[in-house]
Amino acid sequence: MKVRTVDKYGTHYSASLRKMLKKIDISQHATYTCSFCGKSMMKIQAVGIYHCDSFMKMAAGGAWTYNTVSAVTV
């Protein structure tokens, strides 16, 4: 039986909180486009630290996503 990412929380939390956690979990485990080599190989290594498997380069980003709104406006 395959368990989805938010099924582990069960009925302890409301549906709106589980939807929010699902959105965060999907964006956290996604692969992003590397700003150095352009390939879609950038994955999260720790909170706010992303690593490109192809270019072997590390970059800082947001806690749950690589590109944040505040980084774009600066």
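Coordinate-derived values only; no laboratory data. This one's a predicted model, so the numbers in the text were calculated from it and none came from an experiment. Positions of Cβ are backbone-derived with ideal geometry, glycine not excepted, and every protein chain shown enters the neighbour counts.
Count Lys and Arg as plus one, Asp and Glu as minus one, and take only other residues whose Cβ is under 15 Å from that of PHE55; the net charge is then +2. Quarter the surface of the alpha carbon convex hull of the chain and you get the mean projected area, 6.5 square nanometres. For the stretch 57-63, backbone phi angles converted through the Karplus equation (6.51, -1.76, 1.60; θ = phi - 60°) give residue-by-residue couplings of 10, 10, 9, 8, x, x, 5 Hz, Gly and Pro being listed as x. For the stretch 3-74, the relative contact order works out to 19 percent when only alpha carbon pairs closer than 8 Å and six or more residues apart are counted. Pairs from the list LYS19/LYS57; LYS8/LYS39; LYS8/LYS43 with a Cα-Cα gap above 29 Å: LYS19/LYS57; LYS8/LYS39.
The trypsin sites (Lys or Arg not before Pro) of the chain that meet both conditions, a loop assignment by DSSP and at most 15 other Cβ atoms within 10 Å of the site Cβ, are LYS2, ARG4, LYS39.
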